[in-house]
Amino acid sequence: MSLKWKSQLAPLTPYKPGKSVDEVKKELGLYHIVKLASNENPVGSSPKVTEFLSQNGIKANVYPDGYSTALRKIVSKKIGVEPTQLLFGNGSDEIIQMISRALLSKEVNTVMATPTFPQYRHNAIIEGAEVREVPLQNGKHDLTEMLNQIDENTSVVWLCSPNNPSGRYITEQELILFLDRIDPSVLVVIDEAYYEYVTAPDYYDAIDLLKRYKNIFITRTFSKIHGLAAFRIGYGIGCSDIVTKIEAIREPFNTNSFAQAVATVAISDDEFVQRCQQMNEDGKKEYYQFCQTHQLDYFETEGNFILIKTKLDSDDLFDRLLTYGYIVRSGNALGYPGWVRITIGTEEQNKGLMSALEVILK
Ligand SMILES: *Cc1c(COP(=O)(O)O)cnc(C)c1O
């Protein structure tokens, strides 16, 4: 007898993470490995976090504050919203899951770009919703076609900006045109996992737009520029009514005490964030230069990663870079066959990867 699994689970497979450093060390017998596959912060995290972790007095035997009160207060001040407008999650992955659980079902459809961050689709399928995917145009969301796909049964639209894996973003003008044409009964989720890296002057201010459009919900994370991926903490920002509704779905103690504590420290360290952003800008320029010199197609990126096209098969290139000790992400797994996604690392890491790539391309 087999168990009565939800039929939606049939096509799903568990998330396949990028290869781990230890795995590669073992497989190839290499000592020096650089992982540039998961958009983690190559610098680490704020020195203040390290110091804090070595001397904090968090009690392991006490349940965390389920409402993340202290972190809520600091984040709300920092970004200029009411504390009641915030929802904390075990990574922004969990925010995506909570939104899906609250708003998606067999009765509705959901609209998103493709390729984009896979968790929107994954969660929508689990909830049984019809998934409408609109191909990117030159790495950008095709907002006109996304509007065409929205109908009276659409519950959630997902915008990833900057988009993972293409790195391109939606401009303020494009977003406003889009929001003006959407019925307020549709929730527009704007995933801003890479928000702190953006330097484009025509990027929108989603928090400001929230005053005008009550049906938007922003997600952000501590995993990327704040360098806290291991702690699993992210947050959503929306109007209080929406947050209250989703709060009912949240597990009582979804974010742990350590994550809440280090996040309050990390969000206060502007200097660290600026340093990482600057390093990322410098790294971007080096990659642009490299691609131009070697006549490789690439997308200009507003994230901490870059998608590059080569003449080699993506999986082959992945394997060859691995032999030099660099883990990247093959585009085959990301909906971009022929491309690779490389996390922008430190100056030394970037230089090392580019010299390996140069040899491989010859
Ligand atoms: C990394 C990433 C996330 C997930 O972040 P967590 O907070 O670590 O769960 C969400 N969205 C996008 C687009 C990402 O690239």
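The values are calculated or read from the model by the stated rules, or taken from the named source; none is laboratory data. Remember, predicted model here, so these are calculated numbers, not experimental data. Here the Cβ is made from the backbone with ideal geometry for all residues, glycine too, and neighbour counts use every protein chain on show. We work out accessible area using only protein heavy atoms, side chains counted, and drop any ligands, DNA or RNA first. Shrake-Rupley method; radii C 1.70, N 1.55, O 1.52, S 1.80 Å.
Can you say whether Asp142 is open to solvent by 40 Å² or more (accessible area, probe 1.4 Å) and among the charged types (D, E, K, R), as far as the supplied structure shows? Before you say what the answer is, go through the steps one by one.
Numbers: open to solvent by 40 Å² or more (accessible area, probe 1.4 Å): no; among the charged types (D, E, K, R): yes.
No, not satisfied.
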Within the range 301-323, track down each residue that is in a loop (DSSP other than H, G, I, E, B) and either surrounded by 14 or more Cβ atoms within 10 Å (Cβ to Cβ) or of a type in the set (S, T, N, Q) (or both). Thr301, Glu302, Gly303, Asn304, Thr310, Leu312, Asp313
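Being in contact (Cβ under 8 Å) with a residue 60 or more places away in the chain and under 30 Å from Val273 (Cβ atoms) is the filter here; which residues of the range 297-323 pass it? Full working, then the answer.
Residues of the range 297-323 that are in contact (Cβ under 8 Å) with a residue 60 or more places away in the chain, as a first pass: 299-307, 322-323.
Matches in the range 297-323: Phe299, Glu300, Thr301, Glu302, Gly303, Asn304, Phe305, Ile306, Leu307.
Name the residue, out of Asp65, Asp93, that is out of contact with any Asp or Glu (no Cβ under 9 Å at 6 or more places or on another chain), in contact (Cβ under 8 Å) with a residue 40 or more places away in the chain and not in a helix (DSSP H, G or I).
Numbers: Asp93 fails: not in a helix (DSSP H, G or I).
None of the others qualify; the one that does is Asp65.
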Filter result for the condition that a residue is among the aromatic types (Phe, Trp, Tyr), modelled with pLDDT under 85 and surrounded by 12 or more Cβ atoms within 10 Å (Cβ to Cβ), over Phe52, Phe117: Phe52
Quick one: in the range 17-49, which of the residues that are without any contact (Cβ under 8 Å) to a residue 60 or more places away in the chain and either more than 30 Å from Ala333 (Cα to Cα) or assigned to a helix (DSSP H, G or I) (or both) is most open to solvent (accessible area, probe 1.4 Å)? Lys26
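Only one residue in Tyr195, Tyr203 is open to solvent by 20 Å² or more (accessible area, probe 1.4 Å) and within 12 Å of the ligand (Cβ to nearest atom). Which one?
On the way: Tyr203 fails: within 12 Å of the ligand (Cβ to nearest atom).
Of the residues listed, the single one that is open to solvent by 20 Å² or more (accessible area, probe 1.4 Å) and within 12 Å of the ligand (Cβ to nearest atom) is Tyr195.
For the range 238-272, what are the residues that are closer than 11 Å to Ile95 by Cβ and touching an Asp or Glu at 6+ places or on another chain (Cβ under 9 Å)?
So in the range 238-272, the residues closer than 11 Å to Ile95 by Cβ come out as 238, 243, 246, 249-250, 254-255.
Arg250, Asn254, Thr255, listed by residue number.
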Based on this model, can you work out whether Val189 counts as touching a residue at least 40 places away in the same chain (Cβ under 8 Å), assigned to a helix (DSSP H, G or I) and of a type in the set (A, V, I, L, M)? no
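Could you tell me which of the residues Ile182, Ile176 is farther than 19 Å from Phe305 by Cα, part of a loop (DSSP other than H, G, I, E, B) and among the β-branched types (Val, Ile, Thr)?
Numbers: Ile176 fails: part of a loop (DSSP other than H, G, I, E, B).
That would be Ile182, the only listed residue that is farther than 19 Å from Phe305 by Cα, part of a loop (DSSP other than H, G, I, E, B) and among the β-branched types (Val, Ile, Thr).
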Whether any residue in the range 355-362 is assigned to a helix (DSSP H, G or I), modelled with pLDDT of 95 or more, of a type outside the set (A, V, I, L, M, F, W, C) and more than 21 Å from Phe231 (Cα to Cα) is what I want to check. yes
Positions within the range 324-333 being crowded, with 20+ Cβ neighbours inside 10 Å and not polar (S, T, N, Q), in sequence order: Tyr326, Ile327, Val328, Arg329, Gly331
Those residues that are acidic (Asp, Glu) and away from the ligand (no atom under 16 Å from the Cβ), I need them from the range 64-122; list them, please. Asp65, Glu82, Glu107
Leading residue by the ranking (nearest to Val75 (Cα to Cα)) among those in the range 229-240 that are in contact (Cβ under 8 Å) with a residue 24 or more places away in the chain and over 13 Å from the mean Cα position of the chain (by Cα): Ile237
